[in-house]
Amino acid sequence: MSIEAFDIAVVGGGLHGLSAALHLARAGRRVTVIERRWTGRHASGATAAGVRTLNRDIAEVPISLEAMAMWHRIAEIVGDDCGFHARGQVNVAERDEHMPALLQREAKMRALGHSHEELVDAKELRRLVPALSPHCVGALVARRDGAADPHRTILAFRRACEAEGVVIAEGCGVEAVDRQGPDWLLACGDRRFRAPVVVNAAGAWAARLAALFGDDIALGVRASMMIVTERLAPLLDPVVSVVGRALSFKQSDQGTLVIGGGLQGAADLDRESSTVNFSELAKGARASSDLFPAVHGVRIARCWTGIEAQTRDRLPVIGASPNAPGLFHAFGFSGHGFQLVPVVGSILAELVVEGHTRREIAAFAPQRLMQARAAA
Ligand SMILES: Cc1cc2nc3c(=O)[nH]c(=O)nc-3n(C[C@H](O)[C@H](O)[C@H](O)COP(=O)(O)OP(=O)(O)OC[C@H]3O[C@@H](n4cnc5c(N)ncnc54)[C@H](O)[C@@H]3O)c2cc1C
């Protein structure tokens, strides 16, 4: 059996795998992306594609801001604008008692030297989102945030990878791993790949892949649900979320309303599938019509779920394996990894090529979840 040899094998053809492959190929490495189904099959193809710095965990803020700067020049990076529009993200307070938390958040961010989150009053909120119900009292706003088109983004990253010579192997699930001298040997059905460096970007299945290399990482799973409606006349520009409710609400370029916010269906990792929980999903529909009176009676065209990995602290796992030489992890984005795609690929390229990164990633170390499991 012939063995396909590369400098780096990226396992997982979601956006994080493609972004890592792109940056590594641009650093002069021979790279393959090994994907069990097809690029974008799971979370990256199911995502709401919100590009949000607003309300990020403090540990994620520096890389999220860097990612946002990259989104603002995404066409230079991948040759397409990915349907990205910076029309802002708005976190709405429905009642006066929600405002102190927003005020505290803004003050905390300013104390840390960040000015991208801004508190606005009811008047400015109504100017930003005229369709919003008049009962809303204020909001936290990130004006440079926005949203992209997930499928255009996948295609753009994939084409950019191929233009750099990345070999994309679809229909190839890594089932077994072995050591061959300085290299890892990856067995995928009747194909074999060899590389001294492996990037684990296997999304919801990343802990299973890590286990093949001897890394025991505690990882949960989520199955976020989405609704898309029939097309409407222009209703709103920014992406709207609401304090205390699982709602993210936006309008696509085509006019459809795209409604998510993290309501959960059921995931089945063995069958690589997930199912919608309609009574849960109804909460999202109800919240939408509470916030936007014009939504009453609008027809739902489709709903779906997507599977992805979730860590206990909702922070991603980004970094070198402490046990397996040449293994680098990038997963566990816990429902908000789309925005981080451009920067995480760049971080991985630095880690692999230079052995360290100038970015602050200590909070994302895989060890934190390995220790947690050992102590449990
Ligand atoms: C419904 C939904 C809405 C979301 N909304 C947002 C949002 O608005 N903003 C935001 O920032 N983020 C959002 N996210 C999160 C974001 O989409 C994900 O964090 C991101 O897409 C994860 O990309 P990934 O490449 O890590 O994973 P995936 O896209 O899941 O890719 C992992 C890939 O690995 C492959 N794989 C697994 N095991 C193997 C193996 N053994 N061998 C080969 N291949 C393997 C899988 O087939 C899969 O294609 C949302 C996610 C969902 C599901």
Inset, instruction - Name the single residue, out of those in region 319-368 being within 16 Å of the ligand (Cβ to nearest atom) and β-branched (Val, Ile, Thr), that is nearest to the chain's Cα centre (by Cα). - result: 341
Inset, instruction - Out of the residues in region 282-334 that are polar (S, T, N, Q) and out of contact with any strand residue (DSSP E or B) (no Cβ under 9 Å at 6 or more places or on another chain), state the one that is most open to solvent (accessible area, probe 1.4 Å). - result: 323
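Would you please name the residue that is farthest from residue 159 (Cα to Cα), looking only at residues in region 1-55 that are among the polar types (S, T, N, Q) and either touching a His at 6+ places or on another chain (Cβ under 8 Å) or without any contact (Cβ under 8 Å) to a residue 60 or more places away in the chain (or both)?
Per the stated criteria, the residue is 53.
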Inset, instruction - Restricting attention to strands (runs of 3 or more DSSP E) lying wholly within region 1-77, give those where 1 or more residues are open to solvent by 40 Å² or more (accessible area, probe 1.4 Å). - result: 3-5
Legend entry - Residue list for region 121-153, restricted to those being free of Cβ contacts under 8 Å to residues at least 24 places away in the same chain and touching a helix residue (DSSP H, G or I) at 6+ places or on another chain (Cβ under 8 Å): 134
Inset, instruction - Output the number of residues of region 271-286 satisfying the condition of being more than 17 Å from residue 299 (Cα to Cα) and aliphatic (A, V, I, L, M). - result: 1
Inset, instruction - Using the structure shown, decide if residue 61 is within 10 Å of the ligand (Cβ to nearest atom), among the aliphatic types (A, V, I, L, M) and closer than 30 Å to residue 287 by Cα. - result: no
Inset, instruction - Inspect region 14-35 for any residue being within 7 Å of the ligand (Cβ to nearest atom), touching a Cys at 6+ places or on another chain (Cβ under 7 Å) and assigned by TED's automatic domain parsing to the domain that holds residue 156 and give the result as yes or no. - result: yes
Inset, instruction - Kindly indicate which of 132, 125, 185 is under 25 Å from residue 347 (Cα atoms) and of a type in the set (A, V, I, L, M). - result: 185
Inset, instruction - Go through region 249-262 and give me each residue that's more than 12 Å from the ligand (Cβ to nearest atom), of a type outside the set (S, T, N, Q) and either over 22 Å from residue 143 (Cβ atoms) or not in a loop (DSSP other than H, G, I, E, B) (or both). - result: 255, 257
Inset, instruction - Only one of these is assigned by TED's automatic domain parsing to the domain that holds residue 195 and over 22 Å from the mean Cα position of the chain (by Cα): 172, 136. Name it. - result: 172
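Within region 204-215, restricting attention to residues that are touching a residue at least 60 places away in the same chain (Cβ under 8 Å) and within 11 Å of the ligand (Cβ to nearest atom), which residue is most open to solvent (accessible area, probe 1.4 Å)?
Across region 204-215, the extreme among qualifying residues is 208.
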Legend entry - Which numbered condition residue 289 fails, given (1) more than 26 Å from residue 64 (Cβ to Cβ); (2) in contact with a helix residue (DSSP H, G or I) (Cβ under 8 Å, 6 or more places away or on another chain); (3) in the same structural domain as residue 42 (by TED's automatic domain parsing): (3)
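Among residues belonging to region 84-97 that are in a loop (DSSP other than H, G, I, E, B) and more than 16 Å from the chain's Cα centre (by Cα), point out the one that is farthest from residue 336 (Cα to Cα).
So the residue we want is 95.
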Legend entry - Test result for residue 11, β-branched (Val, Ile, Thr), more than 7 Å from the ligand (Cβ to nearest atom) and not assigned by TED's automatic domain parsing to the domain that holds residue 239: no
Legend entry - Filter result for the condition that a residue is assigned to a loop (DSSP other than H, G, I, E, B) and within 12 Å of the ligand (Cβ to nearest atom), over 233, 218, 246: 246
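Residues to consider are 224, 248, 279, 274; find the one that is open to solvent by 20 Å² or more (accessible area, probe 1.4 Å), among the polar types (S, T, N, Q) and without any contact (Cβ under 8 Å) to a residue 12 or more places away in the chain.
Working: 224 fails: without any contact (Cβ under 8 Å) to a residue 12 or more places away in the chain; 248 fails: without any contact (Cβ under 8 Å) to a residue 12 or more places away in the chain; 274 fails: without any contact (Cβ under 8 Å) to a residue 12 or more places away in the chain.
The conditions single out 279.
The values are calculated or read from the model by the stated rules, or taken from the named source; none is laboratory data. Note that the structure is a prediction, hence the values are computed from the model and not measured. When we count neighbours, we look across all protein chains shown, and the Cβ atoms used for this are built from the backbone with ideal geometry, even at glycine. Accessible surface areas use protein heavy atoms only, side chains included; no ligands, DNA or RNA. Shrake-Rupley method; radii C 1.70, N 1.55, O 1.52, S 1.80 Å.
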